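Peer 1: Shown below is the structure under consideration.
Only the coordinates and a few stated rules stand behind these numbers; no lab work does. Everything quoted here is computed from the prediction, not taken from an experiment. Every residue, glycine among them, receives a Cβ derived from its backbone with ideal geometry; neighbour counts consider all protein chains shown.
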Amino acid sequence: MPTGKYQRKPYSQEYKDNMSKVQMGHFVSVETREKLRQAMINRKKKFGCINNSITRKRLSKKLSGRKLSKEHSIKIGLGNKGKTISLENRIKVGLALVGKKFTAEHRKNISLSHIGLYAGSKHPLWQGGSKEYTSEWTSGLKESIRKRDKYRCHLCHSTKNKRKFDVHHIDYDKKNCKPNNLITLCLSCHVKTNTKRERWTKYFTNYMDKKREQEIIDQTVSRCLKALPEKLKILSKDGLLDGNFDFTTQDLKENYNYAIDQALSAIKKEFKRE
């Protein structure tokens, strides 16, 4: 048979329908599938690819912009349901993508195709919607919380980057905008908190309590340190300290440290009563 390119007439719709009816319910045996697979492998070994570059371009042009009907998409989904990709195939796909760079146009098309794909009720973590924010929820409030938290995520402890960190409601109540109910999180950690809400509420509540307790202790210690020079002068006059502001006996030093520990314990107890 002479080789070359031959242009055939496009199939009529009637012909396509007849072919579809003939193939409907047709089962391909395992033996036949294996023969087809081996034929493809041999073709790839012989030519270096299953289809040459011209054929691939032609197929790409023909399929570009093609949209599957909803019914067709459902059928494909049902057909793939329960199927698992073998480890060998997953490794092959991974190796094929190593070092592959998409063009700017390709990346843009992917981004556009995902717009609204998981928005609202389409998202797998959708909780059925929630109440709107109050007038207290302003950019100024969020910035003050970020500043209070020193522009650091309080879950992974990463620092401020190009994207502003999120401000999370600990009890998930958008109307509760009290500072002790708000905490700074990066985008990745904020997404994590959308699941197991009860656990995260308990975790961040305990975290904020401990943080507030430590702040009170630090402030108290700071005030004590500021007043320390005057206390040292009084102790020196009473003969309890020498000229280098060191305790004259070990017992006095131990008693002094014990008094500080008792004061800190009293502060903690007082905090827990609030």
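Peer 1: Restricting to helices (runs of 4 or more DSSP H) lying wholly in the range 98-215: which have 3 or more residues that are in contact (Cβ under 8 Å) with a residue 24 or more places away in the chain and either basic (Lys, Arg) or in contact with a Cys (Cβ under 8 Å, 6 or more places away or on another chain) (or both)? I'd like the intermediate steps shown before the answer.
Peer 2: Details: elements: 104-113, 139-148, 187-192.
Here the list reads 139-148, 187-192.
Peer 1: Check the range 136-156 and report whether any residue there is on the phi > 0 side of the Ramachandran plot and hydroxyl-bearing (Ser, Thr, Tyr). Outline the logic, then answer.
Peer 2: Applying the first criterion (on the phi > 0 side of the Ramachandran plot) to the range 136-156 yields 150-151.
Applying the additional criterion that residues be hydroxyl-bearing (Ser, Thr, Tyr) yields 151.
Yes - at least one qualifying residue is present in the range 136-156.
Peer 1: Another question about this same structure. Taking the conditions exactly as written (closer than 25 Å to ILE110 by Cβ and either loosely packed, with under 10 Cβ neighbours inside 10 Å or not small (Gly, Ala, Ser) (or both)), does ILE41 satisfy them or not? Before the answer, list the steps.
Peer 2: Values: closer than 25 Å to ILE110 by Cβ: no; either loosely packed, with under 10 Cβ neighbours inside 10 Å or not small (Gly, Ala, Ser) (or both): yes.
Here the answer is no, as ILE41 does not meet what is asked.
Peer 1: Just name the residue that is farthest from GLU143 (Cα to Cα) out of those in the range 168-205 that are of a type in the set (A, V, I, L, M) and over 15 Å from the mean Cα position of the chain (by Cα).
Peer 2: Step one: list which residues in the range 168-205 are of a type in the set (A, V, I, L, M), which gives 170, 182-183, 185, 187, 191.
Filter again for over 15 Å from the mean Cα position of the chain (by Cα), leaving 170, 182-183.
Numbers: ILE170: 17, LEU182: 11, ILE183: 11 Å.
Filtering the range 168-205 for residues that are of a type in the set (A, V, I, L, M) and over 15 Å from the mean Cα position of the chain (by Cα), the one farthest from GLU143 (Cα to Cα) comes out as ILE170.
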